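Q: Got a structure here, written out as C-alpha cells. Questions coming.
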Amino acid sequence: MDHQKLILGRLTTILSETNASSAAKLIKLVDGAGRIFVGGAGRSGLVSRFFAMRLTHSGYQVNMIGEIVTPAIKAGDLLVIISGSGGTETLLPLVKKAKSVGAKLAVVSMKATSAMADVADLTIQVGNDNSFPLTKGMPMGSQFELSTLIYLEAVISEIIFAKGLTEESMRGLHANLE
C-alpha cells in the first residue's frame, strides 16, 4: 500500500467537499479585526499555531490564546478557534468570554452545528458531515487536522496574492529570536 497516496487522497477528497466561499468570509473577518486571537486544543492547537504564525508573517497583529503574555480580548478583535468537534470543553469558556466582550468568533470545525457554531460569527466546516470515516492509517483526528492545515495555508496563500506580499517582506516579519 502507498501510504502517501492514502493520506493525500483522503485530504483531497475532504478539501473538495469544503465550501470554497468560506475562505473569503474568513479573510474579511481577519482584515476587519483589530487584533486576532487564535487557539485550539491538542493537535488542533498545533494547527492553530501554524495559522497564527502565517498571519503574523502576513502583517497582522496576532496572539495565541493561553500564553502568559496574551492580552485581553475586546470588541473589534477576532477569535479563531480550531476544534474538530466544535465543543472542546476547555475552549468553550474562552469562546463565551470573547463573545461577551463583543469580539467576533470564527470556528473551524468538522461540524456545521455545535456549541461553538451556535455563537460563531462564522463557522467553517472542513469537509462535510460524511467526510471523516474511520480510516486505518489516519487515526484519531488526523484527517481533520491535516486537511485544516492545508485549508488554512490556502487562506494564507489567498492573502499573499491579494495583498501582493513577497517572500522578502514576510521574512522580515519572521521571528528573529529563535
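Every read-out reported here was derived from the displayed coordinates using simple, explicitly stated rules and does not represent laboratory data. Quantities reported herein were computed from a predicted structural model and do not represent experimental measurements. Quick reminder, even Gly has a Cβ in these numbers, built from the backbone with ideal geometry, and neighbours come from all protein chains shown.
Q: Longer than 22 Å from Cα to Cα, which of 5/163; 99/163; 5/136; 25/99 are they? Say none if no pair is.
A: Result: 5/163; 99/163 exceed 22 Å.
Q: A further question follows. Could you list 151, 60 so that the one with the fewest beta carbons within 10 Å of its beta carbon is first and the one with the most is last?
A: Ordered by Cβ neighbours within 10 Å, fewest first: 60, 151.
Q: Peptides 83-90, 130-137: what's the order by average Cβ count within 10 Å, highest mean first?
A: 83-90, 130-137
Q: Would you calculate the separation in nanometres between label points at residue 25 and residue 154, each defined as 7 Å from the Cα along the Cα-to-beta-carbon direction?
A: It works out to 1.5 nm between the two label points.
Q: Follow-up question, since we're still on this one. Between (i) 16.7; (ii) 15.6; (iii) 18.9, which entry matches Kirkwood radius over Cα pairs in Å as derived from the coordinates of this structure?
A: Of the listed options (i) 16.7; (ii) 15.6; (iii) 18.9, (i) comes from this structure.
Q: Restricting to Cα pairs below 8 Å that are 6+ residues apart, what does the relative contact order work out to for the chain? Please round to a whole percent.
A: Computed over the chain, the figure is 26 percent.
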